[in-house]
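Asker: Let me give you the structure first, and then I'll get to my questions.
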Amino acid sequence: MEQIKVLLNDDEIPRQWYNLAADLPSPPLPPLAPDGTPITPEMLAPVFPMNLIEQEVSPQRWIDIPEEILALLTIWRPSPLFRARRLERALGTPARIYYKHEGMSPPGSHKPNTAVAQAWYNKQFGVKRVVTETGAGQWGSALAFASALVGLECLVFMVRVSFDQKPYRRLMMEAWGCNCIPSPSKETQAGRTILQQDPESPGSLGIAISEAVETAVSDGSGQTRYSLGSVLNHVLLHQTVIGLEAKKQLEKIGEKQVDVVIGCVGGGSNFAGLAFPFLYDKICGANIEVVPVEPTSCPTLTRAPFVYDHGDTARMTPLLAMHSLGHSFVPAPIHAGGLRYHGVAPLVSHAAMEGLIAPRSYSQLRCFEAAVQWARTEGYIPAPETSHALAAVVDEAIKAREEGQERVILFNWSGHGLLDLASYDAFFRGKLTDYVLPEEDLKRAMAEFAGHPKAELHKEG
Ligand SMILES: Cc1ncc(COP(=O)(O)O)c(C=O)c1O
């Protein structure tokens, strides 16, 4: 019988997270205040609990995962590694395609890997309520789920366009006891300002982040903290269980070498979670192509410059060294809501600047074609975000066929699309269009960086 999946026992779950910051060829650039002075951990204390801030700035390569977090993760981890044999056959490719199925968590994506860790650290620190934003609703539902498990209150600002497109995500959050409101909202100064300018604003992750951060820091009781589902170092760190498990599973099935590692990129966390442990091998000399995939409508890694920019629209966050389309960028309302972010994680941006990863972008229609091909061969229906990785996987498999090469392709199946079926409906009825960001919009964004400190890698020698 052909082997389709590789499972690990509960006690084979990784005991430590991997921190790429320890191994980058040049040191990561610190977050800065607008005047260019480095942000100290104390300055972040009103926003995040200190135990997570310590992880954020840690230079350590390996960080122990507390037993209580391992117990929470084992609700759905280790996640299976699958071999996509049916897709391989349909494409007639000699490539062997493997994927980590992160859609089996209760909320249906990779996001709970960091949500349970963040909720646990907040609880340990004495926090009573966590506030966050969500795009597609995956992160909001993950934090709602994690908050229910550890006993925290949870408030979520959901980007308006997704709030309208995806009512079931809101209901999941409610089922886990969380309060979810559309953003921009009248609850915060940041939201009210945007609504005055544009009462019909579809919202953006940048705006929703402003609302969530404002809510956290303005709670006079000091018992509320902000939680972010991507971008930051500690979030990417928590996701590395994906890649670390994949390594064990590939070894179990007898694969000695991976040729291509692929993941879709919004803020960068699922991509980093799978790819960073393999980047470690690449930095040590392995020959691996590592491919982050983003939408052509929000081409952060492929077209935006590496700059110091704010993580949110109202400029409440520190300046982060990252590829950015500008903090006031409002992307086209494509269905991959989780990929509509103006920036991308500093560690992912840094890896791109070092030439360690090779970003690509795909259009919405191409991604849905790949998603449907996947559903009709492998069975599982992917989230619109995940379909971006799939488009690249299909291309890589065809390339292997054309070149007659037996490549090993590994990718992250970041979430299921069972609550995104409205986007499939739009695709099947011919209502989806492609959108390529016009050059003028990029130029406009450049003006936003004037006056920001310059982001330059400090290469030795
Ligand atoms: C299923 C899925 N994949 C990918 C992403 C993109 O986020 P990130 O780049 O942080 O993994 C999201 C974000 O909401 C998501 O829901």
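Asker: Please compute the modelled spin-label separation between Leu365 and Leu442, points set 7 Å along Cα→Cβ, answer in nm with one decimal.
Answerer: If labels sit at Leu442 and Leu365, their model points lie 2.2 nm apart.
Asker: Can you pick out the pairs among Lys186/Lys443; Lys166/Lys431; Lys248/Lys459; Lys128/Lys454 whose Cα atoms lie more than 28 Å from each other?
Answerer: Pairs exceeding 28 Å: Lys186/Lys443; Lys248/Lys459; Lys128/Lys454.
Asker: Give the cysteines in the chain for which no other Cys Cβ lies under 4.7 Å away, or write none if there are none.
Answerer: Lacking a cysteine Cβ partner under 4.7 Å: Cys180, Cys264, Cys284, Cys298, Cys367.
Asker: I would also like to ask the following. Can you compute the FRET efficiency between Phe125 and Gln197 using 1/(1 + (r/R0)^6), with r the Cβ-Cβ distance and R0 = 41 Å? Round to the nearest 0.05.
Answerer: Working: r = 37 Å, r/R0 = 0.89.
Computed FRET efficiency for Phe125 and Gln197: 0.65.
Asker: Using the number of other C-beta atoms within 10 angstrom as an exposure proxy, rank Ser26, Ser210 with the fewest first.
Answerer: The order, fewest Cβ neighbours first, is Ser26, Ser210.
Asker: Return a whole-number percent for the relative contact order of the stretch 1-139, with Cα pairs under 8 Å and 6 or more residues apart as the contact set. Don't skip to the answer; put the middle values down first.
Answerer: On the way: 134 pairs, mean separation 38.0, N = 139.
Across the stretch 1-139, relative contact order equals 27 percent.
Asker: Follow-up question, since we're still on this one. Give me Phe145, Phe449 sorted ascending by neighbouring Cβ count inside 10 Å, so fewest comes first.
Answerer: Phe449, Phe145
Asker: Shape call for the chain from the C-alpha gyration tensor, a ≥ b ≥ c root eigenvalues: rounded (a/c under 1.5), prolate (a/b greater than b/c) or oblate?
Answerer: Rounded, because the longest to shortest axis ratio a/c is under 1.5.
Asker: Please compute the contact order of the chain in relative form: average sequence separation of alpha-carbon pairs under 8 Å and at least six residues apart, divided by the residue count, as a percent.
Answerer: 20 percent
Asker: With r as the distance between the Cβ atoms of Ala22 and Arg89 and R0 = 41 Å, compute the FRET efficiency 1/(1 + (r/R0)^6) and round to 0.05.
Answerer: Numbers: r = 41 Å, r/R0 = 1.00.
Given R0 = 41 Å and the Cβ-Cβ separation, E is 0.50.
Asker: Distance between Cα centroids, the stretch 45-62 to the stretch 271-344: provide it in whole Å.
Answerer: That distance is 21 Å.
Asker: What is the fewest-to-most order of Thr313, Thr215 by other Cβ atoms lying within 10 Å of their Cβ?
Answerer: Sorted ascending by nearby Cβ count, the order is Thr215, Thr313.
Asker: Would you mind classifying the stretch 222-311 by shape? Square roots of the alpha carbon gyration tensor eigenvalues, ordered a ≥ b ≥ c; an a/c under 1.5 is rounded, otherwise it is prolate if a/b is larger than b/c and oblate if not. Show your work: numbers first, answer last.
Answerer: On the way: a/c = 2.43, a/b = 1.44, b/c = 1.69.
Because a/c hits 1.5 or more and a/b fails to exceed b/c, the stretch 222-311 counts as oblate.
Asker: Once you keep just the Cα pairs under 8 angstrom separated by 6 or more residues, what percentage relative contact order results for the stretch 169-277?
Answerer: Computed value for the stretch 169-277: 19 percent relative contact order.
Asker: Something else now. Any chance you could check the Cα centroid distance between the stretch 1-36 and the stretch 397-442 for me, in angstrom?
Answerer: 25 Å
Asker: On a 18 Å Cα-Cα criterion, which of the cross-link pairs Lys111/Lys256; Lys252/Lys399; Lys5/Lys100 come out too long?
Answerer: Long pairs (Cα-Cα over 18 Å): Lys111/Lys256; Lys252/Lys399.
Asker: With a/c under 1.5 counting as rounded, go ahead and sort the stretch 275-431 into rounded, prolate or oblate using the C-alpha gyration tensor (a ≥ b ≥ c being the square roots of the eigenvalues; past the cut-off, prolate if a/b is larger than b/c, else oblate).
Answerer: In terms of gyration-tensor shape, oblate.
Computed from the coordinates by the stated procedures, all read-outs in this text should not be read as laboratory data. On a predicted model such as this, the values are computed, not experimentally measured, just so you know. Reconstructed Cβ throughout: ideal geometry from the backbone, glycine too, with neighbour counts over all protein chains shown.
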